[in-house]
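In what follows, a structure is listed as structure tokens, so that the remarks can point back to it.
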Amino acid sequence: MLPEFELLMPRTLPEALEMMNESSRVIPLAGGTSLLVDLRGRISRPQMLINIGGLDELRGVRVEEGYVVVGSAVTIADLKHNVLIAKHGQVLQQATRVFANPLVRNRATIGGNLAYGSPAADAAPPLLVLDAEVELTCKDAKRTVPLKEFITGVRETVRHPRELVTAIRWPILPEGSVGVFHKLGLRKADAISVLSIAVMLHRKNTEDYAQVRIALGAVAPTPIRVTPAEELLSGGPLTPEVIARAAQLASESTHAISDIRGSAAYRKRVITALVKRLLTNLAEGTKEKKHNESEGYHS
Ligand SMILES: Cc1cc2nc3c(=O)[nH]c(=O)nc-3n(C[C@H](O)[C@H](O)[C@H](O)COP(=O)(O)OP(=O)(O)OC[C@H]3O[C@@H](n4cnc5c(N)ncnc54)[C@H](O)[C@@H]3O)c2cc1C
């Protein structure tokens, strides 16, 4: 049974920010797929929730001044079918297909996924390789924080209690960019990630890559970018030798965690294998999507 709490129901974003401004103990409720589970398990005992899931200002996906802007209350299911995300955030759309199950995807929001601060948030690695930023708004101010600085620890973010995550945005990708996401779970569907990985390549010409971005989820206290491997790979051709060295470096430079889903040693071995496989597939123009389909991840 849920513990008792007061539920605030703002009709507009300004009204919600006004309510949040009155007390630092008002907790945002979006889809509730994490928060209500925590309430039931008595992991969290807020006295006052504010329902922000229905606010129109937090919905919608648009392209604006060279950026893709996604409202924080856009659901994972919305992202899965959105044409702008298919065009400008394909790597994120891949993650939506293996996210939880259809029921959870219909409720879970992208803002809630990041604001919860889980190392295993499946939207985080794709958004990290897209170089996404998180828009935070309080009654009198707005600021934007790079996603790589937003989550600071397990269930910890830089969000102040009176701020809401209002949007997530990233620059439109240069022509010829390709990305891929892969999730490893204990089951093939409806599983929390043991490890997730996103890779993005920006082409310089047909052979060389101007920039390579790699991000990992569920391997450290926060989702991370793998900078040493990115630096090794960027600027040149992706030969099998360079890919093998980068895969090794990605594993060695990651301080992997052990938990109930896997040991640090296991995660390190998987990092080497997946970085190598995804980079090779991308470089050869092979779509990881096909792999996910054949593994039965789609629904
Ligand atoms: C069965 C099940 C399966 C799941 N599978 C996955 C999975 O495969 N991958 C995955 O990543 N996650 C998974 N989750 C976790 C969860 O569904 C996601 O993290 C989801 O995106 C959370 O979003 P929400 O809108 O439900 O957030 P809520 O539960 O409403 O909120 C989560 C936290 O974020 C805060 N918050 C929410 N929105 C905002 C905002 N706009 N501004 C500030 N703070 C905010 C809340 O106060 C709360 O602390 C699963 C959960 C369940 C129950």
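The values are calculated or read from the model by the stated rules, or taken from the named source; none is laboratory data. Here the structure is a predicted model, which is why all the values come from computation and not from measurement. For neighbour counting, all protein chains shown are included, and Cβ atoms are generated from backbone atoms with ideal geometry for every residue, glycine included.
Is there any pair with a first residue in the stretch 196-223 that is assigned by TED's automatic domain parsing to the domain that holds residue 97 and farther than 14 Å from residue 126 by Cβ and a second that is aromatic (Phe, Trp, Tyr) and surrounded by 16 or more Cβ atoms within 10 Å (Cβ to Cβ) whose Cβ atoms are under 7 Å apart and which are 6 or more apart or on different chains, and what are they? Hits for this filter: zero, empty list. Taking the stretch 163-202 on its own, how many of its residues are among the basic types (Lys, Arg) and within 11 Å of the ligand (Cβ to nearest atom)? The total comes to 2.
Out of 233, 201, I need the residue that is in contact with a Phe, Trp or Tyr (Cβ under 6 Å, 6 or more places away or on another chain) and at pLDDT below 95. Which one?
On the way: 233 fails: in contact with a Phe, Trp or Tyr (Cβ under 6 Å, 6 or more places away or on another chain).
Matching residue, one of 233, 201: 201.
Among the residues of the stretch 19-67, just one is loosely packed, with under 15 Cβ neighbours inside 10 Å, within 15 Å of residue 108 (Cα to Cα) and more than 10 Å from the ligand (Cβ to nearest atom), namely 54.
Across the stretch 116-127, what is the number of residues that are out of contact with any strand residue (DSSP E or B) (no Cβ under 7 Å at 6 or more places or on another chain) and crowded, with 22+ Cβ neighbours inside 10 Å? So that I can check it myself, show each step before the final result.
Of the residues in the stretch 116-127, the ones out of contact with any strand residue (DSSP E or B) (no Cβ under 7 Å at 6 or more places or on another chain) are 116, 118, 123.
Filter once more, so that each one left must be crowded, with 22+ Cβ neighbours inside 10 Å: 123.
Summing the residues that are out of contact with any strand residue (DSSP E or B) (no Cβ under 7 Å at 6 or more places or on another chain) and crowded, with 22+ Cβ neighbours inside 10 Å in the stretch 116-127 gives 1.
Of the strands (runs of 3 or more DSSP E) lying entirely inside the stretch 151-222, those containing at least 2 residues that are in contact with a helix residue (DSSP H, G or I) (Cβ under 7 Å, 6 or more places away or on another chain) are 164-171, 178-185, 193-203, 209-217. None of 186, 173, 130 is surrounded by fewer than 24 Cβ atoms within 10 Å (Cβ to Cβ) and either within 18 Å of the chain's Cα centre (by Cα) or within 20 Å of residue 86 (Cβ to Cβ) (or both) except 173.
Of the conditions (1) over 16 Å from residue 89 (Cα atoms); (2) surrounded by fewer than 24 Cβ atoms within 10 Å (Cβ to Cβ); (3) more than 11 Å from the ligand (Cβ to nearest atom), residue 151 fails just one. Which one is it? It fails just one condition, (2).
Would you confirm whether or not the stretch 193-216 contains a residue that is surrounded by fewer than 23 Cβ atoms within 10 Å (Cβ to Cβ) and within 23 Å of residue 74 (Cα to Cα)? There is no residue in the stretch 193-216 that is surrounded by fewer than 23 Cβ atoms within 10 Å (Cβ to Cβ) and within 23 Å of residue 74 (Cα to Cα).
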